[in-house]
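Remarks on the structure that follows.
Just so it is clear, none of the values below were taken in a lab; they were calculated from the coordinates. Only a predicted model underlies this, so the values are computations on that prediction, with no experimental measurement involved. Note: ideal-geometry Cβ built from the backbone for every residue, glycine included; neighbour counts use all protein chains shown.
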Amino acid sequence: MKFKQSGFSLVETMVSVGLMGALSYVMYTQSDMSAKQQAKAVFNQQVNSLFNSIQTELSRSENCTATLALPSPKTYGTASSPTIINEIRRGRLDLATTPPEVKDNGLLFKVKSENSTGVFIDSIHLIRRPIDNRKVLRITFKPGNITADGQIRLKEMLGGENYSKDILLSPRDNGGDTVLGCQSEITNLLASSCLSLPGGIWDQNTQTCNISEIVLRGDLVKLWLTKDGNLTSTKPADAANGQVTCQKSSKRCSRTNMDCSLPACPSNHYQSSAWEWDRKQSMWDYACMKSANCMYMSQPAGWMVKP
């Protein structure tokens, strides 16, 4: 006697449940990773925004002095034993004193302070960076919030739990360990712009550009570099400076429609119009070749004061 099976067996049911559980776990894992990746991206954006705000404030000499030199100048620590800074302060210039003095004018940013942005300042350290001995203010951020009662609520995301960024400090300390000023990317840009001017001198002490020795553009002649490496005050015409060649076919050019790719010319060159020619390989054997001149374009090489 034969019995007709109806429904699923116990083994089939257990296998199905196992497969559904595995699939659910994979979907949960992917969803959780996606959420952590999104949280990481938001955290990075918030860190950059907060860091830029701090750096902008410290680029003002009054704020830098109020933070790192009041009530007395701070000294640089090391990565293992840093000088701890708890606040970024606002400064103001008191014009009633001679010379004008910087006075403290209130709080700007504080370590582990209440916030609702999803990122907080975990620490601020004044150090000499081990990798290059540069003097920096190292600011470490963490994802999460500090509540009104001082409790830390971290946010889970991919990657490390903290993120550090450095603000370069001014070298205006005569090589010593006492902070005399801050230097932001804005200051670096101003210094670079000053030094790019013929005769411009950047004064680190006053953070200003001395233009007394600047040569006027009208008193300068532009210099050009020729293909032979010589300098001239007149821009030369483009000149042939070598050739590039490739073989189109082992037959004469009149007997083939094949083509080849010419090698690239060196930098500061471009290829002229190409031409074909038959290269004699033996008395009766010719190969079709393709060639082009490499044309040198003269490059600017600075300025010279008119004689």
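Data overview
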item: Region 59-117: C-alpha gyration tensor shape, a/c 1.5 cut-off, then a/b vs b/c; result: oblate
item: In Hz, Karplus ³J(HN,Hα) per residue of region 101-107 (6.51, -1.76, 1.60; θ = phi - 60°; x = Gly, Pro); result: 10, 8, 10, 5, 10, x, 8
item: Separation of the LYS251 and TRP224 label points, Cα + 7 Å toward Cβ, nm; result: 4.6
item: Over 18 Å between alpha carbons, listed pairs LYS248/LYS290; LYS40/LYS135; LYS222/LYS306; result: LYS40/LYS135
item: Sorted peptide list for 262-271, 44-53, criterion being average Cβ within 10 angstrom, highest first; result: 44-53, 262-271
item: Subset of LYS74/LYS110; LYS227/LYS251; LYS103/LYS142 violating a 24 Å alpha-carbon distance limit; result: LYS227/LYS251; LYS103/LYS142
item: Trypsin sites (Lys or Arg not before Pro) within region 80-147: DSSP coil, no more than 13 neighbouring Cβ in 10 Å; result: ARG134
